[in-house]
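What follows is a set of notes on a single structure, which appears directly below.
The values are calculated or read from the model by the stated rules, or taken from the named source; none is laboratory data. Bear in mind that the values here come from a model prediction, so they are computed numbers and not experimental data. Neighbour counts run over all protein chains shown; Cβ positions are idealised from the backbone, glycine included.
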Amino acid sequence: MTRAHDAPATPPPGNAPGRGRALWPAGVVVALAVFPVLQLAAGGFNYWLHMMLYAFMYIAMASSWNLVGGFAGYISLGHSAFYGIGGYVTGALMTFWGISPVISAPLAGLVCFAIGLPVGLITLRTRGPAFIISTIALLMLAKLALDNCESLGGADGMSLPLPNLPVETMKLPFYYAMLAIAVAAVYTSYRVRHSKLGLGLRAIACDEVKAEAAGIPTRLYKIIAFALSGVYIGMAGGVWGYYLTYLKPTIFFQILTSAQIVLMAIVGGRGTVAGPVLGAILLVGADELLVAKLGSTELNIAAKGALMLGILMFFPEGIAGTLKARGRLPRILDWG
Amino acid sequence: MIEHLQVVILGAALGGVYALMASGLTLIFGVMRIVNIAHAAFMMLGAYLAFWVFTRFQIDPIVSIVIVMPVLFVLGMAVYRLLFGRIVDSQRYAEMTVLLTFALALVIEGVTGYVATGVYRTTTPDYATDAFDLGPFYIPKGQLYATVLSVVLLGALVMFLRFTRTGRAIRATTQNRAAAQLVGVNVAWISTLTFGIGIALAGASGALMSFLFSFFPSKHWQWIASLLALIVLGGMGSLAGTIVGAMLLSIAAAVVSDLLGPTWSPATFFLALFGILMVRPQGLFGKRPEA
């Protein structure tokens, strides 16, 4: 277990002895950044670029969810509300004011933060079941609002301006955008884990009453974690909306997206930094195989549910958590 | 004036059904502290079962409750034994139950979607589209029958909880699990039984729903969101709170639907939820939550 005062001032995850360990995440990021060269040089990698940017998106979302669902132990089933809000904010800024997604997507993240504060203020008055229920209500309410918002296309949705790029390079901006968001989300998760905030959140997860008694401003910490967890999900939603070139409430406000995020964090290991990343990569891969094999979305939903049941009953701590408890977590995955 | 009264009547005529839908949810939460996210998915199962016997054997959906309830009762007990029996001592029991029932809802949705496809269904007995004329007002027959039957079932439930030995054991377990165990209540069996009863009630309300609303496999998300909002409003675990909350929200939803259009009526439930969390987080009839 890493103690909070080990928190490094240098980039992650460089808190342990051994130079190689400090460098390898940077190496992975550089390799991912260079990967599209293959597409430019040889072509035919669009499928891989698509899959990878899709995985980056879920890495960012699962890591963000983990801030409140993992560290603080407040399970939210409504985080896809931020995804949809991010998509719509970015889309509206682009369509009506012609603001480039380079600016509007981060703005969408800020909007999600700003929305997360009051929502957190209300929903975090309760804990346990009532909190989870209110997150579902948040998602449903957001969907309902956009279903009825005619100026944003209502239930039929709206089209966005097309990105004017040749097929060969079309995926590249989205690839880099999602990569940047994923790296930022994982870095944030790492920094929070090793900060006073993270320590406070973990204390809340263990025993909120004792944490409060020990002088931790639990209310404030929870609300900050909740709002912060919306930021990268909102940005990912913004980029994804532009990538799809259209927005629709039934696509962007799905409880299944929430299910996917929660499942990834659980499979990988809640409350760890590496867990959600691992879970996202595994499940995006598994999903792709399942769709190819089963081909049917209905059975795919059932398989997702069954997988979730199995993991919860037999490995409730997830991959990273279980390995860690047995002291067998490879150092390459021990991100604190 | 008359039109407004008519809206209230229509709302009240659905209130009983909402109360029945939420009663199983409340019962299960009260006794086992399980927030059953899959409750509406079980309702869908009940509705599909009623639809199946209706189209196959021309059995009226109200009559089919006699079939639906026992089937779902057994299914509910089996699910409880399989999923929840072994996690009772888990440290993170509360959130585990939510995640497990959430996963269960996905499984049910996927399987019903595969078997029954995503087509919108309703059962169509004659009374579904008929109404009683009462001078200036009218009451749709389907809604009236459904609500009357719901009241009967709820009445039977209350009697059962109040006057039978098993019912008293269930209430004792709701009040204090450990103390109930101390005085000799077989808490594990009572939990299994209550889960079965709760799921059977979900099935019954599903059968009634089958001729009131169209349904499809993923429809349960809309229902569960509203029902959960309703039981938080009532004070989680309180049956009286659930019934009062169901009546209030059903009428409020009808009024909102009349004023702003039917697409907004589900918003009533969610806004009521956020409202009550701001004013009185423990709900109308709830005690201060203990953790």
Pick out the one residue from B:Val74, B:Val66, B:Val98, B:Val119 that is in contact (Cβ under 8 Å) with a residue 12 or more places away in the chain, among the β-branched types (Val, Ile, Thr), part of a helix (DSSP H, G or I) and more than 10 Å from chain A (Cβ to nearest Cβ). B:Val74
Is it fair to say A:Gly285 is within 21 Å of A:Ile132 (Cβ to Cβ) and either more than 14 Å from every other protein chain (Cβ to nearest Cβ) or in contact with a Gly (Cβ under 6 Å, 6 or more places away or on another chain) (or both)? no
Take the range B:232-272 and flag every residue that is within 12 Å of another protein chain (Cβ to nearest Cβ), assigned to a helix (DSSP H, G or I) and over 17 Å from the mean Cα position of the chain (by Cα). B:Val256, B:Leu260, B:Pro262, B:Thr263, B:Trp264, B:Ser265, B:Ala267, B:Thr268, B:Leu271, B:Ala272
Would you call B:Ala229 touching a residue at least 40 places away in the same chain (Cβ under 8 Å) and under 14 Å from B:Ala47 (Cβ atoms)? no
When residues of the range B:122-152 are limited to those that are over 25 Å from B:Ile199 (Cα atoms) and among the hydroxyl-bearing types (Ser, Thr, Tyr), the one farthest from the other protein chains (Cβ to nearest Cβ): B:Tyr127
I'd like to know if the range B:140-149 contains one or more residues that are part of a strand (DSSP E or B) and either over 22 Å from the mean Cα position of the chain (by Cα) or over 19 Å from B:Gly76 (Cα atoms) (or both). yes
Please indicate, with yes or no, whether at least one residue in the range B:280-290 is part of a helix (DSSP H, G or I) and either within 14 Å of chain A (Cβ to nearest Cβ) or in contact (Cβ under 8 Å) with a residue 60 or more places away in the chain (or both). no
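Name the residue, out of A:Thr322, A:Thr257, that is touching a Phe, Trp or Tyr at 6+ places or on another chain (Cβ under 7 Å), more than 14 Å from chain B (Cβ to nearest Cβ) and either under 20 Å from A:His79 (Cβ atoms) or assigned to a helix (DSSP H, G or I) (or both). I'd like the intermediate steps shown before the answer.
Numbers: A:Thr257 fails: more than 14 Å from chain B (Cβ to nearest Cβ).
Sole residue among the options that is touching a Phe, Trp or Tyr at 6+ places or on another chain (Cβ under 7 Å), more than 14 Å from chain B (Cβ to nearest Cβ) and either under 20 Å from A:His79 (Cβ atoms) or assigned to a helix (DSSP H, G or I) (or both): A:Thr322.
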How many of the residues making up the range B:126-146 are among the charged types (D, E, K, R) and in contact with a Lys or Arg (Cβ under 8 Å, 6 or more places away or on another chain)? 1
For the range A:98-144, enumerate the residues that are hydroxyl-bearing (Ser, Thr, Tyr) and more than 9 Å from every other protein chain (Cβ to nearest Cβ). A:Ser100, A:Ser104, A:Thr135
Scanning the range B:207-225 for residues that are part of a helix (DSSP H, G or I), within 12 Å of chain A (Cβ to nearest Cβ) and either among the hydrophobic types (A, V, I, L, M, F, W, C) or crowded, with 24+ Cβ neighbours inside 10 Å (or both) gives B:Pro217, B:His220, B:Trp221, B:Trp223, B:Ile224, B:Ala225
Just to be sure I understand the filter: pairs with C-beta atoms under 8 Å, separated by 6 or more residues or on different chains, first member in the range B:36-56 and over 18 Å from B:Val74 (Cα atoms), second member surrounded by 24 or more Cβ atoms within 10 Å (Cβ to Cβ) and among the aromatic types (Phe, Trp, Tyr). Which pairs pass? B:Ile37/B:Phe102
Within 14 Å of chain A (Cβ to nearest Cβ), of a type outside the set (Asp, Glu), part of a helix (DSSP H, G or I) and in contact (Cβ under 8 Å) with a residue 24 or more places away in the chain: does that describe B:Leu104? yes
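Here is a yes/no grid of residues against (1) modelled with pLDDT of 90 or more; (2) touching a strand residue (DSSP E or B) at 6+ places or on another chain (Cβ under 8 Å); (3) over 26 Å from B:Ala116 (Cβ atoms); (4) not β-branched (Val, Ile, Thr):
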| residue | (1), (2), (3), (4) |
| --- | --- |
| B:Val7 | no, no, yes, no |
| B:Leu49 | yes, no, no, yes |
| B:Phe57 | no, no, no, yes |
| B:Leu72 | yes, no, no, yes |
Which condition number in (1) modelled with pLDDT of 85 or more; (2) not in a helix (DSSP H, G or I) is the one that A:Arg125 fails? (1)
Can you pull out the residues in the range B:81-94 that are within 21 Å of A:Ile75 (Cβ to Cβ) and away from chain A (no Cβ under 11 Å)? B:Val88, B:Asp89
Scan the range A:56-66 and give yes if some residue there is buried (at least 18 other Cβ atoms within 10 Å of the Cβ), modelled with pLDDT of 90 or more, among the aromatic types (Phe, Trp, Tyr) and more than 13 Å from the chain's Cα centre (by Cα), otherwise no. no
Which ones in the range B:191-206 are more than 16 Å from the chain's Cα centre (by Cα) and either within 14 Å of another protein chain (Cβ to nearest Cβ) or surrounded by 23 or more Cβ atoms within 10 Å (Cβ to Cβ) (or both)? B:Ser191
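Being among the basic types (Lys, Arg), closer than 30 Å to A:Trp24 by Cα and in a helix (DSSP H, G or I) narrows it down to one of A:Arg219, A:Arg202, so name that one. Spell out the reasoning first.
Numbers: A:Arg219 fails: closer than 30 Å to A:Trp24 by Cα.
Of A:Arg219, A:Arg202, the one residue that is among the basic types (Lys, Arg), closer than 30 Å to A:Trp24 by Cα and in a helix (DSSP H, G or I) is A:Arg202.
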Taking into account only those residues within the range B:103-143 that are surrounded by fewer than 17 Cβ atoms within 10 Å (Cβ to Cβ) and among the hydrophobic types (A, V, I, L, M, F, W, C), which is farthest from B:Gly241 (Cα to Cα)? B:Val115
